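Step one of this worksheet: look at the structure below.
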Amino acid sequence: MAQGLYENGHITYMRTDSPNLSQQAINAARSQAAKLYGAETVPEKPRMYSGKSKNAQEAHEAIRPAGDVFKTPSELAGVLRGNDFKLYDLIWKRTVASQMADARGSTATVTIDGATADAGTAEFTASGTVITFRGFLSAYEEGTDATREDAETRGDAAADAEGDDLPPLTEGQELDDQEVEAKGHETSPPPRYTEASLVKTLEELGIGRPSTFASIISTIIDRGYVTPRGTALVPNWIAFSVVRLLEDHFADLVAYDFTAEMEEDLDRIADGEAERVGWLTEFYFGSDKHRGLRNVVENLGEIDARDINSVRIADDITLRIGRYGPYLEVPVEGSDTPRRVNVPDEMAPDELTEARARELIEAPEVGDRVLGENPENGRTIVAKDGRYGPYVTELLPEEPTDGGETVDAATGEVKPKPKKKPAKKDAPKPRTASLLKSMDPATVDLDTALMLLSLPRVVGADPESGEEITAQNGRFGPYLKKGTDSRSLESEQQIFEIDLPGALAVFAQPKYGARRPSSALKEFDADPVSGKPIRIRDGRFGPYVTDGETNATIPRGEDVESVDFERAVQLLADKRAKGPAKPKTGARRTGGTARRTVAKK
């Protein structure tokens, strides 16, 4: 987002650690603060700041609004939308507030005495801050914003509070109570990390740099260690396995102090105060301070992967982190094979309590439920629960032996002739079909399963081209197919109900016409450039805007419901301005060049 603001001339270069503003920016911030909040909010001398990083990238000034006269957020409200506007608003507020005077006030505790109905006395207290001069708080009040964001993350009622400011009061002042309400209070758990709070913690620990924080966040998300849920970062089970492995076998290398010291060592090498070869030798072979990477690797011993990927929920319940996700394992009386129960993907680790685990275990099993026999071939139809959801399948019968025999020349013993296994590509595959979204795997019957296994359903043939039209259920919903052409259907039930005239009517409509496909989240008028209607769809990598020719991803954190026609047009225009993505250098071309070079040698 910052890159986009920079490219469009709204802010200065954003890849910098520098807290220093140019004289142009200082003058702009001071004059704008005086104009908007009064001359008394601007100190006599400009305010200067120094950074904490010893090796800050200070080739550019601090990130701030561009120009010698800053554009206020209200002036760009019609140009910037969503998170782009929020980010510019944050940069503008911080820049202007940095050149304003300190706020003045005092912290106070107020005690209020009141008479009760039984002639007793009730005492109420409130603590807070009385602000007598707001200063920079007129432009930006970070504490209030952070408190409100944390409260929203926890879902507290504090999110609706107006802050901890107290009104001016005097001792002995009479107050009229408008309403008295007794409320209970429970201590809330610490809020989950957000991207902002995680970066703040990394800064406090001395880990990473401002230029690397974004890549750290994207790495833990892309590798599935955490899942964004709103603004919160919810850890996944695989993260616990990775952390346990590192702490058990590479404890020295993942310690906070070691990582922070490494940052300082690399700074000294960059400044010429230390020699890199000596530092690398000590890191790899070890020293009095560290064991060394080589010593750690050579003395790892046996790593019990099963133990690392196991979490004990109760004495009889163990959670395993498997290749295809987490599952519960419970012993079965009289059997050496434990029972396995899948854990829902959307369940966070802290939500899997012992009580919730027992609910999952005691729930009726849906998988491998025999529905009956196919009357056409006598094969057994079974309902199963797979990695990608519930489905039905037709079990193949075991192949009969060929009846051949062999005689052992030494003993004369007659043995059955070993059966040859068919090649993998020639082996028959069972028919399978996923259940429709409207179907319950616990109640699906044989007739429904046979209906699903019969797909794709032949609707008929196009009288003009003679091509066969089929109704199918695909990854993105139900659709019709005719040759290489396809059309989405409005509902799953249409797969079994639509007739040939209805299918021909669907194909007669433009592919991107007025008919709203089932996969479209929102639909707008035609794009002014392409002249084709704009739609918002849910794709593999999240929601995106498309006019059938250009696809533009909706920025992360921007709500689909907040995207209107103007915003959709802007996203498509920005995507066109960037041009097509540059093709990656293929391995085939590189490999071919390498082979030709070797041949010449």
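Residues that are more than 20 Å from the chain's Cα centre (by Cα) and not hydroxyl-bearing (Ser, Thr, Tyr): list the helices (runs of 4 or more DSSP H) wholly contained in the stretch 158-254 that include at least 3 such residues.
Hits in the stretch 158-254: 195-205, 237-249, 251-254.
Determine whether the stretch 420-437 contains at least one residue that is at pLDDT 60 or above, on the phi > 0 side of the Ramachandran plot and assigned to a strand (DSSP E or B).
no
Search the stretch 293-313 for residues that are over 30 Å from residue 279 (Cβ atoms) and pair each with any residue that is acidic (Asp, Glu) and surrounded by 10 or more Cβ atoms within 10 Å (Cβ to Cβ) when their beta-carbon atoms are under 6 Å apart and the residues are at least 6 apart or on different chains.
From the stretch 293-313, the pairs are 313/354.
Being modelled with pLDDT of 85 or more and among the charged types (D, E, K, R) is the filter; apply it to the stretch 291-301 and report the residue that is surrounded by the fewest Cβ atoms within 10 Å (Cβ to Cβ).
298
Give the residue that is surrounded by the fewest Cβ atoms within 10 Å (Cβ to Cβ), with candidates limited to residues of the stretch 14-27 that are over 9 Å from residue 99 (Cβ atoms) and touching a helix residue (DSSP H, G or I) at 6+ places or on another chain (Cβ under 9 Å).
If we take residues in the stretch 14-27 being over 9 Å from residue 99 (Cβ atoms) and touching a helix residue (DSSP H, G or I) at 6+ places or on another chain (Cβ under 9 Å), then 15 is surrounded by the fewest Cβ atoms within 10 Å (Cβ to Cβ).
Does any residue in the stretch 274-285 that is under 22 Å from residue 250 (Cα atoms) and of a type in the set (Ser, Thr, Tyr) come within less than 8 Å, Cβ to Cβ, of a residue that is at pLDDT below 95 and surrounded by 13 or more Cβ atoms within 10 Å (Cβ to Cβ) six or more places away or on a different chain, and which pairs are these?
Sorted first by the residue in the stretch 274-285, then by its partner, the pairs are 284/292; 284/293.
Among the numbered criteria (1) loosely packed, with under 12 Cβ neighbours inside 10 Å; (2) in contact (Cβ under 8 Å) with a residue 24 or more places away in the chain; (3) small (Gly, Ala, Ser); (4) within 30 Å of residue 24 (Cα to Cα), which single criterion is violated by residue 74?
Here residue 74 meets the rest and fails (2).
Check the stretch 317-335 and report whether any residue there is closer than 27 Å to residue 233 by Cβ, exposed (fewer than 12 other Cβ atoms within 10 Å of the Cβ), at pLDDT below 90 and under 28 Å from the mean Cα position of the chain (by Cα).
yes
Going through the stretch 473-483 one residue at a time, which ones are outside any loop (DSSP other than H, G, I, E, B) and over 31 Å from the mean Cα position of the chain (by Cα)?
480, 481, 482
Surrounded by 15 or more Cβ atoms within 10 Å (Cβ to Cβ) and charged (D, E, K, R): does that describe residue 288?
On the way: surrounded by 15 or more Cβ atoms within 10 Å (Cβ to Cβ): no; charged (D, E, K, R): yes.
Spelling it out, it is not the case that residue 288 is surrounded by 15 or more Cβ atoms within 10 Å (Cβ to Cβ) and charged (D, E, K, R).
When the stretch 205-234 is examined, which residues are found to be touching a Ser or Thr at 6+ places or on another chain (Cβ under 8 Å) and surrounded by fewer than 14 Cβ atoms within 10 Å (Cβ to Cβ)?
Those that are touching a Ser or Thr at 6+ places or on another chain (Cβ under 8 Å) and surrounded by fewer than 14 Cβ atoms within 10 Å (Cβ to Cβ): 205, 230.
What pairs come up if the first residue lies in the stretch 97-120 and is within 30 Å of residue 137 (Cβ to Cβ) and without any contact (Cβ under 8 Å) to a residue 24 or more places away in the chain, the second is part of a strand (DSSP E or B) and among the aromatic types (Phe, Trp, Tyr), and their beta carbons are under 9 Å apart, counting only those six or more places apart or on different chains?
From the stretch 97-120, the pairs are 111/124.
When the stretch 475-496 is examined, which residues are found to be in contact (Cβ under 8 Å) with a residue 12 or more places away in the chain and among the β-branched types (Val, Ile, Thr)?
Result: 495, single match.
The values are calculated or read from the model by the stated rules, or taken from the named source; none is laboratory data. Bear in mind that the values here come from a model prediction, so they are computed numbers and not experimental data. Counting neighbours? That spans all protein chains shown, and the Cβs are built from the backbone with ideal geometry, glycine included.
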